[in-house]
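Following: one structure in structure tokens, then a few remarks.
The values are calculated or read from the model by the stated rules, or taken from the named source; none is laboratory data. All values reported here derive from a predicted model rather than from experimental measurement. FYI the Cβ positions are ideal-geometry reconstructions off the backbone, even for glycines, and counts take in every protein chain you see.
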Amino acid sequence: MFLSLVIPAHNEESRLPKTLEQVFAFLSVQSYNAEVIVVENGSADRTLEIAQGFAERHENLRVIHTDERGKGLAVKRGMLAARGEFRMFSDADFSMPIPEIDRFLPPALPDFDIAIASRETDGAIRYGEPFRRHLSGRIFNALIRLVVLPGLEDTQCGFKCFRAPVVEEIFPLQTMPGWSFDVELLYIARRKGYRIQEIGIPWYFNPDTKVSLVHDSLRMASDLFTIRRNGRQGLYG
């Protein structure tokens, strides 16, 4: 298996159908083989039913159900269950155009350990994002660079691709169940010497985002110091 695409889905009945239709239309014209894994976790709507309906029509779609909530937990479950040589996770709304996937894979990107989508590095374009949310994101990213990950411009964009051996080493060490999980993964990866490459993408703001500007930002800021403390205490090996 060349590519595994993992999509965490919590209460995504309105956005998931369009995303899956676009994903399978894209994959159907690619020369490589791929699987899609939807990890439905604790939804109160028809997300699981919708995903299972797509799985009946697409043999390369697997649906994993768990009652545990948290995007980090869902991504971890899916990435460790994946079988692809390259494993990518993506937001359920796919705010990055789906054809951009190929830019995270060989031959377009021949030599990397981890490739992360960036809304800030060269070539990136943001569409429709309110200034207040953009500003808060830049402030938070400045804190991330200061506390745990100097040099990375955008750690929070929801599209990241890993080589399989990297997944198998770092994801079992992940402890964060919520929004801070990808900062933790990148911190672990950097400590282990893996190469992280940022790729500037076109990105479209979704007003239905589930991230709370105030509550989640405060929680994630606290998580940064927990990650740094975990590293100093040797919790990441």
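With respect to the conditions (1) at pLDDT below 95; (2) over 29 Å from residue 180 (Cβ atoms); (3) touching an Asp or Glu at 6+ places or on another chain (Cβ under 7 Å), residue 2 falls short on a single one, namely (1). Among the residues of region 123-142, none qualifies, meaning not one is crowded, with 18+ Cβ neighbours inside 10 Å and under 19 Å from residue 26 (Cβ atoms).
Scanning region 201-237 for residues that are aliphatic (A, V, I, L, M), at pLDDT 80 or above and part of a helix (DSSP H, G or I) yields 220, 221, 224, 227. Taking region 48-72 as the range and being touching a Gly at 6+ places or on another chain (Cβ under 8 Å) and closer than 16 Å to residue 89 by Cα as the test, the residues that pass are 64, 70, 71, 72.
Residue 194 meets the conditions (1) surrounded by fewer than 16 Cβ atoms within 10 Å (Cβ to Cβ); (2) farther than 22 Å from residue 91 by Cα; (3) touching a helix residue (DSSP H, G or I) at 6+ places or on another chain (Cβ under 8 Å); (4) not charged (D, E, K, R) in every case but one. The failed one is (1).
Evaluation of residue 170 against the conditions (1) without any contact (Cβ under 8 Å) to a residue 40 or more places away in the chain; (2) out of contact with any helix residue (DSSP H, G or I) (no Cβ under 7 Å at 6 or more places or on another chain); (3) of a type in the set (A, V, I, L, M) shows that the sole unmet condition is (2).
In the set (1) of a type outside the set (Val, Ile, Thr); (2) touching a residue at least 24 places away in the same chain (Cβ under 8 Å); (3) surrounded by fewer than 14 Cβ atoms within 10 Å (Cβ to Cβ); (4) under 20 Å from residue 32 (Cβ atoms), residue 108 fails one condition alone, (2).
Which of the following residues is at pLDDT 95 or above and surrounded by 15 or more Cβ atoms within 10 Å (Cβ to Cβ): 40, 49, 56, 21? Reasoning before the result, please.
Details: 49 fails: surrounded by 15 or more Cβ atoms within 10 Å (Cβ to Cβ); 56 fails: surrounded by 15 or more Cβ atoms within 10 Å (Cβ to Cβ); 21 fails: surrounded by 15 or more Cβ atoms within 10 Å (Cβ to Cβ).
Being at pLDDT 95 or above and surrounded by 15 or more Cβ atoms within 10 Å (Cβ to Cβ) holds for just one of 40, 49, 56, 21, which is 40.
Of 153, 129, all but one fail to be in contact with a Phe, Trp or Tyr (Cβ under 6 Å, 6 or more places away or on another chain), part of a loop (DSSP other than H, G, I, E, B) and not basic (Lys, Arg); the exception is 129. Filtering region 27-37 to residues that are surrounded by fewer than 18 Cβ atoms within 10 Å (Cβ to Cβ) and either of a type in the set (Phe, Trp, Tyr) or within 18 Å of residue 71 (Cα to Cα) (or both) leaves only 32. Here residue 63 fits the description: surrounded by 14 or more Cβ atoms within 10 Å (Cβ to Cβ) and either without any contact (Cβ under 8 Å) to a residue 24 or more places away in the chain or of a type outside the set (Asp, Glu) (or both).
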